[in-house]
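The values are calculated or read from the model by the stated rules, or taken from the named source; none is laboratory data. Computed from a predicted model, the values in this text were never measured in an experiment. All Cβ positions, even for glycine, are placed from backbone atoms using ideal geometry, and neighbour counts span all protein chains on display.
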Amino acid sequence: MARPVMDPSRAPVAFGQRAVPQLFEQLQQPQSDTRQRVLTSLCDLIHEPERLYQTVNGGFLGQLKDLLMDEDPSVRAKTCELLHLLTAHSTGRQALLSSSLLPPLSQLLDDSSISCRRNVHRVLNRLSLLPAGAEALLTLVPKLLLKLSEEEEDDEEVQVLLLSTLSRCSRLDTLPALASDGVSLLGQKLSHRSPNIRREAAAVLMALSVPEEGKLQVCDEALLPVLIGLLQDKDVEVQANAAGVIMYTVIITRGKQQCLDLDVIPILLHMVTKNEEEEDAKERKALIMYSLQALTSLAEVPKGRSLLLPRLPLLTRRSEAAEEDGDIRKAAQTAVRVITWTP
């Protein structure tokens, strides 16, 4: 009877509950090719929830710290891949946050291996899914912004991961990004050829434009013309995120004035009245809501109100339609009330 052929890229795996402990024991071997084979086998096993819980609860994560600083870049990359697989589950994310692995992991943002850096970004992005993870990553925001400006233009995945992580961190606390020239750096990504990058960059800017300082920086960096241009982007999520930035920025007087000078009202009205059958319903609703709220803020100044009064029937129809989404109908009613307000 023929013996099964052993895969040379993987280490032999013991049966049952002994598999994970045995592989972690073998990680102590001095040969880097042995460590790499062991890590490959662990990556295979970790897809099984039972093995993942065994790895997390068995106190094995601490053994990965030295591997994150291994001399062999393939070992470092494979270790980060293992952590990425672990963080696919909330249990793994929480375990990683509770471990001492985050500092050496963040050092690998400057690793010479693109594969290693990509896996690090995947791990950090998954950690940011947890509020505690986003909070833990706040100290890394200045470095992440620096990496955003340095990252190769053709590596779309890394840029999208980076921007997504920054977005979650900035929704928690805008100060680190605002203090690190974040608005200017993100503004450069708004014109990127990739809709995924445009979408995520606008999402981060929306988070940063919530506080007054962010609104002022959007105005100072002359980003409103670019954002208004994105309202006509082919991607509805890009449109919605751009409308969100505009919605927040027109709360302040400078934002109102700049947007009125750029003749934004007809474009926002088009967003509100555009046929929505062809669009994704969820993102389309966000686009309409943000546009209505931006129009409401613009109606607070005489010039905005005078421009909107002749277009009132468009908004009135939206505010009275029985079949309209309840949130949209209420937002349209508020816009109509502000537009028609008289002292």
Lone unmet requirement of (1) assigned to a helix (DSSP H, G or I); (2) surrounded by fewer than 23 Cβ atoms within 10 Å (Cβ to Cβ); (3) at pLDDT 95 or above for Val158: (3)
Any chance Ser184 is surrounded by fewer than 19 Cβ atoms within 10 Å (Cβ to Cβ) and more than 25 Å from Ser74 (Cα to Cα): yes
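Any idea which of Arg122, Arg171 is over 22 Å from Ile251 (Cβ atoms) and surrounded by 15 or more Cβ atoms within 10 Å (Cβ to Cβ)? Steps first, answer last, please.
Working: Arg171 fails: over 22 Å from Ile251 (Cβ atoms).
Checking each option against the conditions leaves just Arg122.
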In the stretch 56-70, the residues that are over 19 Å from Val120 (Cβ atoms) and either within 28 Å of the chain's Cα centre (by Cα) or among the polar types (S, T, N, Q) (or both): Val56, Asn57
From Leu64, Leu42, residue being under 30 Å from Glu200 (Cβ atoms) and either among the aromatic types (Phe, Trp, Tyr) or buried (at least 21 other Cβ atoms within 10 Å of the Cβ) (or both): Leu64
Selected residue (criterion: farthest from the chain's Cα centre (by Cα)) from residues of the stretch 17-54 that are part of a loop (DSSP other than H, G, I, E, B) and closer than 17 Å to Ala88 by Cβ: Glu48
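Residue-by-condition table, conditions (1) at pLDDT 95 or above; (2) farther than 22 Å from Asn241 by Cα; (3) surrounded by 20 or more Cβ atoms within 10 Å (Cβ to Cβ):
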{"site": "Leu295", "(1), (2), (3)": "yes, no, yes"}
{"site": "Ala299", "(1), (2), (3)": "yes, no, yes"}
{"site": "Leu312", "(1), (2), (3)": "no, yes, no"}
{"site": "Arg317", "(1), (2), (3)": "no, yes, no"}
{"site": "Ala321", "(1), (2), (3)": "no, yes, no"}
{"site": "Asp327", "(1), (2), (3)": "no, no, no"}
{"site": "Ala335", "(1), (2), (3)": "no, no, yes"}
{"site": "Pro343", "(1), (2), (3)": "no, yes, no"}
Unmet criterion (only one of (1) of a type in the set (A, V, I, L, M); (2) touching a Lys or Arg at 6+ places or on another chain (Cβ under 9 Å); (3) farther than 18 Å from Val245 by Cβ; (4) part of a helix (DSSP H, G or I)) for Ala201: (3)
In the stretch 296-325, the residues that are free of Cβ contacts under 8 Å to residues at least 24 places away in the same chain, closer than 26 Å to Tyr248 by Cβ and in a helix (DSSP H, G or I): Pro302, Ser306, Thr316, Ser319
Residue that is crowded, with 21+ Cβ neighbours inside 10 Å, among the hydrophobic types (A, V, I, L, M, F, W, C) and modelled with pLDDT of 95 or more, where the choices are Leu144, Leu86: Leu144
Which numbered condition Gly229 fails, given (1) at pLDDT 95 or above; (2) touching an Asp or Glu at 6+ places or on another chain (Cβ under 9 Å); (3) over 15 Å from Tyr248 (Cβ atoms): (2)
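From the list Ala332, Ala243, exactly one residue is assigned to a helix (DSSP H, G or I), touching an Asp or Glu at 6+ places or on another chain (Cβ under 8 Å) and either within 28 Å of Ser191 (Cβ to Cβ) or touching a residue at least 40 places away in the same chain (Cβ under 8 Å) (or both). Which is it? Don't jump to the end; show me each part of the working.
Values: Ala243 fails: touching an Asp or Glu at 6+ places or on another chain (Cβ under 8 Å).
None of the others qualify; the one that does is Ala332.
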Check on Leu124, closer than 30 Å to Asp173 by Cα and part of a helix (DSSP H, G or I): yes
First in the stretch 249-272 and more than 16 Å from Pro302 (Cβ to Cβ), second anywhere and acidic (Asp, Glu) and surrounded by 21 or more Cβ atoms within 10 Å (Cβ to Cβ), Cβ under 7 Å, 6 or more apart: none
